[in-house]
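This is the structure I want to talk about, given as C-alpha coordinates.
The values are calculated or read from the model by the stated rules, or taken from the named source; none is laboratory data. Just so it is clear, the structure is predicted and the values come from calculations on it, not from any experiment. As a convention, Cβ positions derive from the backbone with ideal geometry for all residues, glycine included, and neighbour counts pool all protein chains shown. In case anyone asks, the SASA skips ligands and DNA or RNA and just uses the protein heavy atoms, side chains included. Shrake-Rupley method; radii C 1.70, N 1.55, O 1.52, S 1.80 Å.
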Amino acid sequence: MDVRIRDMAVGDCDAVAAVRVRGWRSAYAGLMPQSYLDAMSIEEDAARRRAHFSGDDGGRVTHVVAERDGEVVGWGCFGPSRDEGEAPGVCELYALYVLPERVATGVGRALMDELTGRAAAHGFERMQLWVLKENERARRFYGKAGFAPDGAEEPFEVDGVAVPEVRYARALTA
(Lines give C-alpha, C1' and ligand atoms only; values in the text may rest on other atoms or scores of the structure.)
Protein backbone atom coordinates (compact mmCIF):
# COMPACT_ATOMS: atom_id res chain seq x y z
CA MET A 1 0.00 0.00 0.00
CA ASP A 2 1.18 3.46 -0.83
CA VAL A 3 1.67 6.14 1.79
CA ARG A 4 0.60 9.66 0.90
CA ILE A 5 2.27 12.50 2.80
CA ARG A 6 0.52 15.85 2.79
CA ASP A 7 0.30 19.08 4.76
CA MET A 8 -1.77 18.77 7.90
CA ALA A 9 -5.05 20.69 7.95
CA VAL A 10 -7.06 21.79 10.98
CA GLY A 11 -9.61 19.10 10.08
CA ASP A 12 -6.92 16.49 10.82
CA CYS A 13 -6.62 17.45 14.50
CA ASP A 14 -8.83 14.62 15.80
CA ALA A 15 -6.98 12.00 13.77
CA VAL A 16 -3.58 13.44 14.71
CA ALA A 17 -4.54 13.42 18.39
CA ALA A 18 -5.46 9.75 18.09
CA VAL A 19 -2.13 9.01 16.40
CA ARG A 20 -0.23 10.91 19.09
CA VAL A 21 -2.01 9.49 22.14
CA ARG A 22 -2.06 5.92 20.83
CA GLY A 23 1.56 6.34 19.76
CA TRP A 24 2.59 7.53 23.22
CA ARG A 25 0.73 4.70 24.93
CA SER A 26 2.45 2.14 22.73
CA ALA A 27 5.94 3.62 22.47
CA TYR A 28 6.30 4.64 26.11
CA ALA A 29 4.66 1.69 27.87
CA GLY A 30 7.13 0.56 30.53
CA LEU A 31 9.25 3.68 30.03
CA MET A 32 7.05 6.14 31.92
CA PRO A 33 4.28 5.81 34.49
CA GLN A 34 1.32 3.87 33.09
CA SER A 35 -1.02 6.12 35.09
CA TYR A 36 0.20 9.09 33.03
CA LEU A 37 -0.31 7.25 29.74
CA ASP A 38 -3.75 6.02 30.80
CA ALA A 39 -4.80 9.57 31.71
CA MET A 40 -4.00 10.91 28.24
CA SER A 41 -7.17 11.99 26.44
CA ILE A 42 -7.56 11.98 22.68
CA GLU A 43 -10.34 14.58 22.97
CA GLU A 44 -8.22 16.95 25.11
CA ASP A 45 -5.22 16.48 22.84
CA ALA A 46 -7.38 17.25 19.79
CA ALA A 47 -8.60 20.47 21.43
CA ARG A 48 -4.99 21.49 22.17
CA ARG A 49 -3.99 20.63 18.60
CA ARG A 50 -6.81 22.80 17.18
CA ALA A 51 -5.83 25.73 19.42
CA HIS A 52 -2.14 25.34 18.56
CA PHE A 53 -2.69 24.69 14.89
CA SER A 54 -4.95 27.70 14.41
CA GLY A 55 -2.62 29.89 16.51
CA ASP A 56 -0.01 32.12 15.00
CA ASP A 57 3.38 30.44 15.08
CA GLY A 58 4.52 32.65 12.22
CA GLY A 59 4.61 29.68 9.88
CA ARG A 60 7.64 28.39 11.78
CA VAL A 61 6.32 24.85 12.35
CA THR A 62 5.73 22.40 9.50
CA HIS A 63 3.13 19.69 10.17
CA VAL A 64 2.52 16.76 7.84
CA VAL A 65 0.30 13.69 8.00
CA ALA A 66 0.68 10.27 6.43
CA GLU A 67 -2.38 8.67 4.87
CA ARG A 68 -3.10 5.17 3.68
CA ASP A 69 -6.41 4.55 1.94
CA GLY A 70 -7.64 7.98 3.08
CA GLU A 71 -6.94 7.30 6.78
CA VAL A 72 -4.44 9.40 8.75
CA VAL A 73 -1.96 6.83 10.08
CA GLY A 74 0.97 9.07 11.04
CA TRP A 75 1.97 12.62 11.87
CA GLY A 76 5.17 14.57 12.22
CA CYS A 77 6.34 18.14 12.64
CA PHE A 78 9.52 20.21 12.82
CA GLY A 79 10.54 23.80 13.38
CA PRO A 80 13.46 25.85 14.65
CA SER A 81 15.51 24.23 17.41
CA ARG A 82 14.20 25.00 20.88
CA ASP A 83 17.63 24.44 22.40
CA GLU A 84 19.16 27.61 23.78
CA GLY A 85 21.99 29.05 21.73
CA GLU A 86 21.47 26.93 18.62
CA ALA A 87 22.32 28.47 15.28
CA PRO A 88 19.47 29.57 12.97
CA GLY A 89 20.36 26.77 10.53
CA VAL A 90 19.41 24.10 13.08
CA CYS A 91 15.89 22.72 13.23
CA GLU A 92 14.25 20.23 15.55
CA LEU A 93 12.03 17.27 14.81
CA TYR A 94 9.34 17.93 17.40
CA ALA A 95 7.27 14.81 16.78
CA LEU A 96 6.96 11.74 14.61
CA TYR A 97 4.24 9.24 15.52
CA VAL A 98 2.57 6.37 13.70
CA LEU A 99 -0.48 4.35 14.73
CA PRO A 100 0.82 1.31 16.65
CA GLU A 101 -0.64 -1.15 14.11
CA ARG A 102 1.20 0.71 11.31
CA VAL A 103 4.67 0.65 12.92
CA ALA A 104 7.27 -1.08 10.71
CA THR A 105 5.15 -0.67 7.55
CA GLY A 106 7.09 2.21 5.97
CA VAL A 107 4.90 5.02 7.30
CA GLY A 108 7.53 6.34 9.72
CA ARG A 109 10.23 6.23 7.05
CA ALA A 110 8.00 8.10 4.58
CA LEU A 111 7.28 10.77 7.21
CA MET A 112 10.97 11.08 8.08
CA ASP A 113 11.99 11.41 4.43
CA GLU A 114 9.37 14.12 3.87
CA LEU A 115 10.26 16.06 7.01
CA THR A 116 14.03 16.01 6.45
CA GLY A 117 13.51 16.93 2.79
CA ARG A 118 11.28 19.86 3.66
CA ALA A 119 13.67 21.04 6.39
CA ALA A 120 16.55 21.04 3.88
CA ALA A 121 14.37 22.86 1.34
CA HIS A 122 13.65 25.51 4.03
CA GLY A 123 17.40 26.09 4.31
CA PHE A 124 18.08 24.16 7.50
CA GLU A 125 21.51 22.52 7.57
CA ARG A 126 21.05 20.25 10.57
CA MET A 127 18.12 18.54 12.32
CA GLN A 128 18.05 17.53 15.96
CA LEU A 129 15.57 15.57 18.03
CA TRP A 130 15.15 14.42 21.61
CA VAL A 131 14.37 10.78 22.36
CA LEU A 132 13.90 8.93 25.62
CA LYS A 133 17.21 7.35 26.55
CA GLU A 134 15.55 3.97 27.20
CA ASN A 135 13.48 3.97 23.99
CA GLU A 136 15.65 1.52 22.08
CA ARG A 137 13.15 1.01 19.24
CA ALA A 138 12.99 4.74 18.46
CA ARG A 139 16.76 5.09 18.77
CA ARG A 140 17.25 2.30 16.21
CA PHE A 141 14.73 3.97 13.87
CA TYR A 142 16.52 7.33 14.11
CA GLY A 143 19.89 5.66 13.63
CA LYS A 144 18.68 4.05 10.41
CA ALA A 145 17.51 7.50 9.28
CA GLY A 146 21.03 8.90 9.65
CA PHE A 147 20.73 10.41 13.12
CA ALA A 148 23.30 9.79 15.85
CA PRO A 149 23.60 10.85 19.50
CA ASP A 150 25.52 14.11 19.78
CA GLY A 151 26.37 13.78 23.48
CA ALA A 152 23.65 16.06 24.86
CA GLU A 153 21.37 14.66 27.56
CA GLU A 154 18.48 16.24 29.35
CA PRO A 155 16.57 15.28 32.45
CA PHE A 156 12.86 14.76 31.85
CA GLU A 157 10.33 13.90 34.50
CA VAL A 158 6.83 12.46 34.19
CA ASP A 159 4.67 12.22 37.31
CA GLY A 160 7.77 12.26 39.51
CA VAL A 161 9.60 9.57 37.53
CA ALA A 162 12.87 10.37 35.75
CA VAL A 163 12.79 9.52 32.04
CA PRO A 164 15.99 11.10 30.69
CA GLU A 165 16.33 12.10 27.05
CA VAL A 166 19.28 12.09 24.68
CA ARG A 167 19.67 14.33 21.67
CA TYR A 168 20.25 12.93 18.19
CA ALA A 169 21.29 14.98 15.17
CA ARG A 170 22.09 14.67 11.50
CA ALA A 171 23.19 16.91 8.67
CA LEU A 172 20.62 17.81 6.01
CA THR A 173 21.31 18.14 2.32
CA ALA A 174 19.15 19.92 -0.22
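From G85, G123, G146, grab the single residue that is free of Cβ contacts under 8 Å to residues at least 12 places away in the same chain and over 12 Å from the mean Cα position of the chain (by Cα).
G85
With the condition kept exactly as written, say whether any residue in the stretch 51-62 is acidic (D, E) and at pLDDT 95 or above.
Going through the stretch 51-62, the residues acidic (D, E) turn out to be 56-57.
With at pLDDT 95 or above added as a condition, the list becomes none.
Within the stretch 51-62, not a single residue is acidic (D, E) and at pLDDT 95 or above.
Are there any pairs, at least 6 apart or on different chains, whose C-beta atoms fall under 9 Å, with the first in the stretch 151-164 and more than 11 Å from L132 (Cβ to Cβ) and in a strand (DSSP E or B) and the second open to solvent by 70 Å² or more (accessible area, probe 1.4 Å) and at pLDDT 95 or above, and if so, which?
Short answer, once both residue conditions are applied: V161/Y36.
Here's something else I'd like to know. Take T105 and tell me if it is of a type in the set (S, T, Y), part of a loop (DSSP other than H, G, I, E, B) and open to solvent by 60 Å² or more (accessible area, probe 1.4 Å).
It is false that T105 is of a type in the set (S, T, Y), part of a loop (DSSP other than H, G, I, E, B) and open to solvent by 60 Å² or more (accessible area, probe 1.4 Å).
Answer with yes or no whether G85 is within 19 Å of W130 (Cα to Cα) and touching a strand residue (DSSP E or B) at 6+ places or on another chain (Cβ under 8 Å).
Against the criterion (within 19 Å of W130 (Cα to Cα) and touching a strand residue (DSSP E or B) at 6+ places or on another chain (Cβ under 8 Å)), G85 does not qualify.
Another question, then. Scan the stretch 1-19 for residues that are within 14 Å of L111 (Cα to Cα) and either at pLDDT 95 or above or of a type in the set (A, V, I, L, M, F, W, C) (or both) and jot them down. Write out each step before concluding.
Residues of the stretch 1-19 that are within 14 Å of L111 (Cα to Cα), as a first pass: 2-8, 16, 19.
Within the stretch 1-19, V3, R4, I5, R6, D7, M8, V16, V19 qualify.
So, in the stretch 165-174, of the ones that are in a loop (DSSP other than H, G, I, E, B) and either closer than 11 Å to W130 by Cα or open to solvent by 70 Å² or more (accessible area, probe 1.4 Å) (or both), which residue ends up modelled with the highest pLDDT? Steps first, answer last, please.
So the first thing to find is which residues in the stretch 165-174 are in a loop (DSSP other than H, G, I, E, B), and the list is 172-174.
Now narrow it down to the ones that are either closer than 11 Å to W130 by Cα or open to solvent by 70 Å² or more (accessible area, probe 1.4 Å) (or both): 173-174.
Details: T173: 81, A174: 59.
Here the answer is T173.
Only helices (runs of 4 or more DSSP H) wholly contained in the stretch 1-62 count here; list those with 2 or more residues that are basic (K, R) and free of Cβ contacts under 8 Å to residues at least 12 places away in the same chain.
Values: elements: 13-27, 34-39, 42-54.
No helices (runs of 4 or more DSSP H) qualify here.
Just one of E92, E84, E67 is assigned to a strand (DSSP E or B), acidic (D, E) and either farther than 20 Å from E165 by Cβ or open to solvent by 20 Å² or more (accessible area, probe 1.4 Å) (or both); which is it?
One residue alone meets the criteria, E67.
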